[in-house]
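Read-outs: derived from the displayed coordinates by stated rules, not from any lab. These numbers come from a predicted model, not from an experiment. Cβ coordinates were reconstructed from backbone atoms using ideal geometry, including for glycine residues, and neighbour counts include every protein chain displayed.
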């Protein structure tokens with residue numbers, strides 16, 4: 001899987017994805033849901049919306065076992 005720039009494409013509303021936000025040198029990777037109004041959010045963590053997301057990618061498939 002490859003990272004997708006938010007400038008090129010956004011996930012479908014309600015899709016859970018990984019998001020990348022540049023923070024310091026390493027950046028921050030989090031799991032988030034895409035909402036048309038709020039942007040990238042994680043309602044399970046009550047964190048509000050993620051700011052400055054530059055890239056996202058679909059979640060990998062769950063293990064088969």
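Things worth noting here:
- Output for the range 46-59, where each listed residue is assigned to a loop (DSSP other than H, G, I, E, B) and in contact with a strand residue (DSSP E or B) (Cβ under 9 Å, 6 or more places away or on another chain): 47, 48, 50, 51, 52, 53, 54, 59
- Selection count, the range 30-63, where residues are exposed (fewer than 15 other Cβ atoms within 10 Å of the Cβ) and within 18 Å of residue 1 (Cα to Cα): 8
- Scanning the range 12-42 for residues that are outside any strand (DSSP E or B) and within 17 Å of residue 59 (Cα to Cα) gives 12, 13, 14, 15, 42.
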